[in-house]
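Structure, as structure tokens:
The values are calculated or read from the model by the stated rules, or taken from the named source; none is laboratory data. Fair warning: this is a prediction, and the values are worked out from it, not measured in the lab. Cβ placement follows ideal geometry from the backbone for every residue including glycine, while neighbour counts extend to all protein chains displayed. Side chains are part of the model used for accessible areas, which takes the heavy atoms of the whole protein and leaves out ligands, DNA and RNA. Shrake-Rupley method; radii C 1.70, N 1.55, O 1.52, S 1.80 Å.
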Amino acid sequence: MRNLKFTIRYDGTDFFGWQTQPGFRTVQETLQTAIAAITREERVRVNCAGRTDSGVHAYGQVCNFFSGTRLEPATLVKAVNSQLPEDVAVTECEVVGQAFCANKDAVCKRYRYVINDTRIPDPFQRKYSYQPRRTVDHEAMHRASQALLGRHDFRCFETEWPNRLTSIRTIQDIAVTRHGEAVYVEVQADGFLYNMVRAIAGTLYQIGRGYWPETKMKEILDGMDRREAGPTAPPQGLFMLWVRYP
């Protein structure tokens, strides 16, 4: 049995998140079914770097699974893609060590949250961005975001705290930049809590629209109370960009 590492991308619009759930279309189940059709194995279990919620997208999700197939990686990519629907694709495959785990071995991940802040919404971006119909000050958002750099207890940005052993994480980089009509909130960390990026984006949006001052971000972080932070931003604006390993 070889341990195979896949890098995949998907449009999360029509998926009920990553994790297999009976009666719902999920990325995990869709991928496992496609792999099984090629390898002729009854049970394929795919483990991912980080589960995404319903409506969330991925450019560089990473997963691994064990299989007895002897197909070469490049051939396996083509074969599995032939069995996948048009909203998910395998971009890379490699054979890794038996101990490799896509989730536990990840040293950092990077996410992007997209806000389209034009007054008139763009119908073509409705599935891939949050469109509040209000212009935001991305520079103020960026300055406020810098309070989150470093190692902190991020429970104020975690939905249903506590649902992990610890809510302490290290944000290695965070930036808010404008790209035409879109504002990107990008966050890189050694790990993320449930809905953490969307809660950060929702909080920064409140600052960007002038509802809160820039200093509010540090107050929220120090207060460690989810009720004091901004709302959880809608899922369609979130993209998993990539995952890194040692």
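Would you mind telling me which numbered condition in (1) closer than 21 Å to Trp18 by Cα; (2) surrounded by fewer than 18 Cβ atoms within 10 Å (Cβ to Cβ) Val197 fails?
Exception for Val197: condition (2).
Return the residues of the range 112-133 that are open to solvent by 60 Å² or more (accessible area, probe 1.4 Å), part of a loop (DSSP other than H, G, I, E, B) and free of Cβ contacts under 8 Å to residues at least 60 places away in the same chain; say none if nothing qualifies.
From the range 112-133, those open to solvent by 60 Å² or more (accessible area, probe 1.4 Å) are 119-120, 123-128, 133; that's our starting set.
Still in the list and also part of a loop (DSSP other than H, G, I, E, B): 119-120, 126-128, 133.
Within the range 112-133, Arg119, Ile120, Arg133 meet the criteria.
For the range 184-191, does any single residue satisfy the condition of being among the β-branched types (Val, Ile, Thr) and open to solvent by 10 Å² or more (accessible area, probe 1.4 Å)?
Step one: list which residues in the range 184-191 are among the β-branched types (Val, Ile, Thr), which gives 185, 187.
When the remaining residues are screened for being open to solvent by 10 Å² or more (accessible area, probe 1.4 Å), the result is none.
Within the range 184-191, none of the residues are among the β-branched types (Val, Ile, Thr) and open to solvent by 10 Å² or more (accessible area, probe 1.4 Å).
Taking the criterion of being modelled with pLDDT of 95 or more and within 20 Å of the chain's Cα centre (by Cα), would at least one residue in the range 211-224 satisfy it?
No, every residue in the range 211-224 fails to be modelled with pLDDT of 95 or more and within 20 Å of the chain's Cα centre (by Cα).
Please verify whether Lys109 is open to solvent by 70 Å² or more (accessible area, probe 1.4 Å), at pLDDT 95 or above and not aromatic (Phe, Trp, Tyr), treating the condition exactly as stated. Steps first, answer last, please.
Values: open to solvent by 70 Å² or more (accessible area, probe 1.4 Å): no; at pLDDT 95 or above: yes; not aromatic (Phe, Trp, Tyr): yes.
Answer is no for this residue.
Which of (1) in contact with a Leu (Cβ under 9 Å, 6 or more places away or on another chain); (2) more than 23 Å from Ala49 (Cβ to Cβ) does Ile174 not meet, given it meets every other one?
(2)
Tell me, please, whether a residue that is surrounded by fewer than 18 Cβ atoms within 10 Å (Cβ to Cβ), within 21 Å of Gln125 (Cα to Cα) and of a type in the set (Ser, Thr, Tyr) can be found in the range 221-238.
Within the range 221-238, not a single residue is surrounded by fewer than 18 Cβ atoms within 10 Å (Cβ to Cβ), within 21 Å of Gln125 (Cα to Cα) and of a type in the set (Ser, Thr, Tyr).
So which residues in the range 13-49 are under 20 Å from Asp105 (Cβ atoms), open to solvent by less than 10 Å² (accessible area, probe 1.4 Å) and not hydrophobic (A, V, I, L, M, F, W, C), if there are any at all?
Once the filter is applied, which keeps residues that are under 20 Å from Asp105 (Cβ atoms), open to solvent by less than 10 Å² (accessible area, probe 1.4 Å) and not hydrophobic (A, V, I, L, M, F, W, C), the range 13-49 yields only Gln28.
Quick one: Ile8 ticks every box in (1) β-branched (Val, Ile, Thr); (2) crowded, with 21+ Cβ neighbours inside 10 Å; (3) part of a helix (DSSP H, G or I) except a single one, so which number is it?
(3)
Which of the residues that make up the range 40-81 are over 25 Å from the mean Cα position of the chain (by Cα) and assigned to a loop (DSSP other than H, G, I, E, B)?
Matches in the range 40-81: Arg40, Glu41, Glu42, Arg43, Gly68, Thr69, Arg70, Leu71, Glu72.
Please go through (1) in contact with a strand residue (DSSP E or B) (Cβ under 8 Å, 6 or more places away or on another chain); (2) in contact (Cβ under 8 Å) with a residue 40 or more places away in the chain; (3) open to solvent by 30 Å² or more (accessible area, probe 1.4 Å) for Gln83 and return the number of the only condition it doesn't satisfy.
(1)
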